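The values are calculated or read from the model by the stated rules, or taken from the named source; none is laboratory data. Bear in mind the structure is a predicted one, so any value in this text is a computation, not a measurement. Cβ placement follows ideal geometry from the backbone for every residue including glycine, while neighbour counts extend to all protein chains displayed. We work out accessible area using only protein heavy atoms, side chains counted, and drop any ligands, DNA or RNA first. Shrake-Rupley method; radii C 1.70, N 1.55, O 1.52, S 1.80 Å.
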Amino acid sequence: MKSLSIIIPMYKVEDYIAECLQSILRQDYRKIGFDYELILVDDGSPDNCVKVAQSILSRLPYKLIRQSNQGQSIARNAGLEVATGEFVWFVDADDWISDDSFSALAGIDTTDLDAIAINAIDEVEDAWRRIDFGETAASVVSGLDALKDGKFLYGPPFTIYRREFLNRHSLRFLPGVYYEDNEFTPRAYYYARRIYQLDRVLYHVRINMQSTTRSVNPKRYFDLLTVASRLSEFRHSAVDSRYRFVFSRCIALVLNSVLDGRGKVGADTKAELQKRFLAEKSLWKHFIKSGKPKYIIEGIVFMIFGRFGFRIYDLIKRG
């Protein structure tokens with residue numbers, strides 16, 4: 001790897017951005033001859049996170065993009081437009097990277113690589129968020145094989161992409177939705193011919209309950225249906241028929257998140273969410289086409305029982 005662009009969207013992260021940036025500044029990049037650039041995207045944050053970042057980086061080069069609050073997807077896309085590095089790493093501002101990240105990445109032969117998959121850890125009770133790459137650890141696989149084997153993580157920080165690869169396939173994040181990761185990552189992996197699987201923990205996830213993905217917001221669950229629809233469209237228009245079952249699995253997983261989310265919202269929102277789910281009947285076929293027994297049963301339940309399928313799903317879930 002010759003150079004790396006680190007893109008960090010910032011929104012209400014005044015309490016966390018310092019640790020994130022300091023984890024990057026601690027890297028021994030000069031000794032190993034590693035070149036990187038920092039791209040900060042202020043997503044219209046109302047707090048002082050920009051001032052905190054500027055004070056830390058006062059004597060260092062960095063790029064700062066300011067925009068009105070438009071969400072993490074657009075912030076990441078904006079950062080990607082000005083990136084110049086050979087590879088791009090999307091880092092969340094409330095997380096941090098391991099001290100040896102740059103040295104680990106510098107030791108990889110990136111010739112013809114489209115991406116590098118890494119491991120991460122949730123910093124709560126040392127809960128691992130990692131993939132057991134098995135015999136393919138520290139080796140190169142296709143994105144399709146990773147998708148088929150389920151050996152990938154959806155979050156953008158867990159895969160470092162070649163910038164030219166993203167641009168060549170017009171890979172950008174879907175604006176205006178939560179869970180954009182679930183829509184972006186399967187598409188990116190579908191196109192990736194060569195992914196290096198680095199079985200090392202380079203990324204630390206902070207359990208920040210104020211973050212956009214963990215805060216209680218009913219829009220999240222409606223957005224999941226949008227994500228499922230977009231994946232279905234991509235599956236139909238771009239995916240080889242031999243591998244469409246892989247995307248049906250991704251869609252079925254998203255639909256299960258919708259079903260589980262019904263229990264986390266108020267009665268009126270739950271009724272509206274169920275109504276929207278029933279209106280998206282064309283998506284139910286992916287339960288069947290996924291090839292997984294659990295999803296197939298769920299598909300049959302909703303196809304036969306319609307709105308009564310929610311009760312059966314809840315009973316099965318509780319049992």
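Could you go through region 171-180 and let me know if any residue there is in a helix (DSSP H, G or I), buried (at least 21 other Cβ atoms within 10 Å of the Cβ) and within 17 Å of the chain's Cα centre (by Cα). Yes: one or more hits.
If you go through region 298-315 and pick out every residue that is open to solvent by less than 90 Å² (accessible area, probe 1.4 Å), of a type in the set (A, V, I, L, M, F, W, C) and either touching a residue at least 24 places away in the same chain (Cβ under 8 Å) or farther than 15 Å from Phe287 by Cα (or both), you end up with 2. Applying a threshold of 7 Å to beta carbon distances and a minimum spacing of six or more residues, or different chains, the list of pairs starting in region 232-261 at a residue that is more than 20 Å from Ala192 (Cβ to Cβ) and ending at one that is surrounded by 14 or more Cβ atoms within 10 Å (Cβ to Cβ) and among the small types (Gly, Ala, Ser) reads Ala252/Ser290; Val254/Ala228; Leu255/Ala228. The residue list Asp122, Asp132 contains one member that is at pLDDT below 95 and open to solvent by less than 40 Å² (accessible area, probe 1.4 Å), which is Asp122. Here region 181-208 is the region considered, the condition is being open to solvent by less than 30 Å² (accessible area, probe 1.4 Å) and among the hydroxyl-bearing types (Ser, Thr, Tyr), and the residue that is nearest to Ile74 (Cα to Cα) is Thr185. Of all residues in region 69-105, those that are open to solvent by less than 20 Å² (accessible area, probe 1.4 Å) and in contact with a strand residue (DSSP E or B) (Cβ under 8 Å, 6 or more places away or on another chain) total 19. Picking from residues in region 223-265 that are at pLDDT 95 or above and assigned to a loop (DSSP other than H, G, I, E, B), the one that is least open to solvent (accessible area, probe 1.4 Å) is Val239.
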